[in-house]
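Visitor: Handing you a structure now.
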Amino acid sequence: MTKWNWFFVSAKENPQVASYIAALKQWRKSQYVTYRDDGHRTVRRWEAKRPSRIFSTQKEALKYAKWVAKNNGADVFVYSRSGDIRRA
């Protein structure tokens, strides 16, 4: 048995673990609107090295992020300048 086999076996047998895995997959597809030091906003997926797009206003970034999230069945999260997170 490999190191992670217990996790996958229990996911099949335990609906709570299966629900958690589904939530993680959904979370990874989510779009994040972040603030840059130069005043621009970026839209990116979780753990992306580069942003999908860069916008001059938060309104434009949110519009694009919501469109992408709608097509992927995901959520949009917005980071403030102070680093706080809110769901859009």
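Taken together, the values in this text are just the output of simple stated rules run on the coordinates, not laboratory data. The shown structure was predicted, so the numbers you read here are calculated from the model rather than taken from an experiment.
Visitor: Between Asp38 and Gln26, what is 0.36 nm times their sequence separation minus the Cα-Cα distance? Round to one decimal in nm.
Guide: Between Asp38 and Gln26, full extension yields 1.3 nm more.
Visitor: Among the listed pairs Lys29/Lys70; Lys25/Lys59; Lys49/Lys70, which are separated by more than 18 Å between their Cα atoms?
Guide: Over 18 Å apart, Cα to Cα: Lys25/Lys59; Lys49/Lys70.
Visitor: Further question on the same structure: Can you tell me how much longer the chain between Lys59 and Arg86 gets when fully stretched, taken as 0.36 nm per residue apart minus their C-alpha distance, in nm with one decimal?
Guide: 8.3 nm
Visitor: Relative contact order of segment 5-87, please, whole-number percent, based on alpha carbon pairs below 8 angstrom and at least 6 residues apart.
Guide: Computed over segment 5-87, the figure is 26 percent.
Visitor: So what is the orientation-averaged projected area of segment 5-87, using the convex hull of its C-alpha atoms, in nm²?
Guide: 6.7
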